[in-house]
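Single-structure report; data block below.
Values quoted throughout were computed directly from the atomic coordinates according to the rules given, and no laboratory measurement underlies them. These numbers come from a predicted model, not from an experiment. When we count neighbours, we look across all protein chains shown, and the Cβ atoms used for this are built from the backbone with ideal geometry, even at glycine.
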Amino acid sequence: MDELDIPRDWWEDFEAARRRPLATRIRYSFIHTYKPVLDDARFRAWDTMEEYRQWCEENLPDWLGYGRV
């Protein structure tokens with residue numbers, strides 16, 4: 001794929017992003033997504049990995065991907 005294969009509006013968006021200062025590009029690159037239950041407490045700790053895994057299975061929605069396979 002070369003430059004000619006890229007749609008013009010994509011290329012313009014890329015060029016605009018490239019001109020932004022690095023700090024702005026880094027700030028824009030991180031998107032905070034609220035994670036139910038995980039984000040509801042400031043701190044949690046477990047004595048064992050098994051306790052942590054059990055807590056994840058019992059408390060977190062499956063779509064977060066913390067369950068066992």
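Annotations for the structure displayed:
- Phi-based couplings in Hz for the range 62-69 (Karplus 6.51, -1.76, 1.60; Gly and Pro marked x): 4, 5, 6, x, 9, x, 7, 8
- Rounded to the nearest 20, the size of the Cβ-charge dipole of the chain about its Cα centre is 440 debye, with Lys and Arg at +1 and Asp and Glu at -1.
- Dividing the helix sum by the residues of the chain, where each DSSP H run of 4 or more adds -39500 (n - 2.57), gives a mean residue ellipticity at 222 nm of -13500 deg cm²/dmol.
- Across the range 28-38, coupling constants 3J(HN,Hα) worked out from phi with the 6.51/-1.76/1.60 Karplus curve, θ = phi - 60°, read 6, 7, 9, 10, 7, 10, 5, 10, x, 6, 4 Hz, and Gly and Pro carry x.
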